[in-house]
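The values are calculated or read from the model by the stated rules, or taken from the named source; none is laboratory data. These numbers were taken from a predicted model, which means no experiment stands behind them. Cβ placement follows ideal geometry from the backbone for every residue including glycine, while neighbour counts extend to all protein chains displayed.
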Amino acid sequence: MSHNSIRLGFIGAGWWATSNHIPTAQKRKEVILDSVCRLGTDELKRIKEKFNFEFASENYKELLERDLDGVVISSPHGLHYEHSKQALQKNINVLIEKPMATKSSEAKELFDIANKKNLSILMSHGWNYLPESKFARKKLKEGVIGEIQNVVCSQSSGVRELLSGEQWNLKGSEIMFSPEPKTWSDPEIAQGGYGLAQMTHALALTFFITELNPLRAFSINNPNSKIELFKSIILECEKNISATFTGSSTHQNTYNNCEIKIYGTEGTIILIIGEKIKLEIFNKNKNKFTYKNEENIKNNIFEPTNNFIDILINPSSKNWSEGELGLKTTYVLDASYRSQKSIKFEDIDAE
């Protein structure tokens with residue numbers, strides 16, 4: 001059944017929510033900006049007035065007592081589980097900023113609650129919405145490169161200053177707040193480093209395109225840093241497929257980049273996301289296909305919010321970033337952190 005209007009709440013309203021999720025929702029005529037929650041009375045008042053929220057509170061439990069169709073969770077990483085669980089238990093659909101949770105058991109619990117209650121979880125992974133990503137996924141399902149044998153993914157993100165505790169001073173009409181450094185650099189708040197903050201994107205995109213099922217993970221620890229500035233993971237997956245992921249924070253003046261190479265028995269797919277987006281498919285007959293983006297769609301970071309709204313209006317709408325992606329990503333990262341301590345491969349879903 002479709003709905004003419006939906007009521008949204010937002011838990012966590014810092015830099016990203018106020019420059020991305022909330023403005024995107026405000027542009028949709030079907031959306032009522034019902035409520036917002038964050039710490040800081042002055043900041044909360046500014047947000048409430050700018051976006052005309054009906055209700056604002058520093059207590060997220062007060063927000064969840066309202067009649068909401070969906071809640072956007074963009075609080076610090078370590079709070080995603082608590083806030084999402086409470087929303088789902090109130091029968092409210094959730095859009096969760098990455099990561100879904102910081103522990104496998106927590107992510108599994110969220111996933112199970114949503115399934116039991118027939119609620120939607122949508123993860124905020126904008127790369128999934130690129131035409132190139134969807135086309136690569138489609139061609140893999142069609143068997144254009146045969147059976148997948150190996151996947152290699154590399155990523156870089158201009159967040160080194162944030163992970164090092166330095167302040168970004170962002171400017172622009174859409175910017176209300178700059179990122180809070182301690183939510184990135186304080187181990188107690190960030191609950192990790194580059195892996196949870198950035199590699200979540202590369203992992204989720206790879207799983208979206210390939211539908212790999214990881215079994216075991218190995219990772220080495222970052223030396224001489226309070227919080228990880230870079231990360232490498234090796235995965236053993238079902239069907240004897242191997243996958244490697246490496247990512248590093250770079251300085252703010254460096255553009256973000258992700259490159260995925262998928263090697264199969266009949267060919268190779270290469271997807272590059274950076275200043276330009278490029279998808280190429282090669283087969284063993286020396287044929288090469290380059291995808292042409294006729295829609296001229298670039299890296300649209302606003303699509304997860306729009307997709308969430310579409311699902312709330314019409315539950316039959318396609319979810320392009322399902323909770324299962326958040327579950328797999330959390331499983332892999334959890335196992336990788338256990339591997340860093342044990343210095344051996346760790347099972348994906350073990351605690």
Item to complete: Return the residue satisfying two criteria in turn: it lies in the range 251-279 and is closer than 18 Å to Tyr291 by Cα and hydroxyl-bearing (Ser, Thr, Tyr), and of such residues it is surrounded by the most Cβ atoms within 10 Å (Cβ to Cβ).
Response: Tyr263
Discussion item. When you scan the range 94-107, do you find a residue that is part of a helix (DSSP H, G or I) and either in the same structural domain as His201 (by TED's automatic domain parsing) or in contact with a strand residue (DSSP E or B) (Cβ under 8 Å, 6 or more places away or on another chain) (or both), even just one?
Written reply: no
Worksheet item: Does Gly192 satisfy being at pLDDT below 90, closer than 13 Å to Thr329 by Cβ and outside any helix (DSSP H, G or I)?
Response: yes
Item to complete: Output the residues belonging to the range 41-72 that are under 25 Å from Lys27 (Cβ atoms), part of a loop (DSSP other than H, G, I, E, B) and over 25 Å from the mean Cα position of the chain (by Cα).
Response: Asn52, Phe53, Glu54, Arg66, Asp67
Practice prompt. Answer yes or no: is there a residue in the range 153-168 that is surrounded by 19 or more Cβ atoms within 10 Å (Cβ to Cβ), assigned to a loop (DSSP other than H, G, I, E, B) and under 20 Å from the mean Cα position of the chain (by Cα).
Written response: yes
Practice prompt. With the condition kept exactly as written, say whether any residue in the range 129-136 is in a loop (DSSP other than H, G, I, E, B) and free of Cβ contacts under 8 Å to residues at least 40 places away in the same chain.
Written response: no
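Conditions (1) over 18 Å from Leu196 (Cα atoms); (2) of a type in the set (Gly, Ala, Ser); (3) touching a residue at least 40 places away in the same chain (Cβ under 8 Å), marked per residue:
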position	(1), (2), (3)
Glu58	yes, no, no
Leu63	yes, no, yes
Pro76	no, no, yes
Gln86	yes, no, no
Asn93	yes, no, yes
Ile96	no, no, yes
Ala101	no, yes, yes
Ser104	no, yes, yes
Worksheet item: Is it the case that the range 85-108 has a residue that's over 22 Å from Ile233 (Cβ atoms), acidic (Asp, Glu) and out of contact with any Gly (no Cβ under 6 Å at 6 or more places or on another chain)?
Response: no
Worksheet item: Within the range 4-16, how many residues are at pLDDT 95 or above and closer than 16 Å to His80 by Cα?
Response: 5
Worksheet item: Has the range 264-271 got at least one residue that is free of Cβ contacts under 8 Å to residues at least 24 places away in the same chain, farther than 26 Å from Tyr337 by Cβ and in a strand (DSSP E or B)?
Response: yes
Worksheet item: Going through the range 1-27 one residue at a time, which ones are more than 14 Å from Ser75 (Cα to Cα) and among the hydrophobic types (A, V, I, L, M, F, W, C)?
Response: Met1, Ile6, Leu8, Ala25
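Kindly indicate whether Ser173 is of a type in the set (S, T, N, Q), outside any helix (DSSP H, G or I) and within 21 Å of the chain's Cα centre (by Cα). Please lay out each step first, then the result.
Numbers: of a type in the set (S, T, N, Q): yes; outside any helix (DSSP H, G or I): yes; within 21 Å of the chain's Cα centre (by Cα): no.
Answer is no for this residue.
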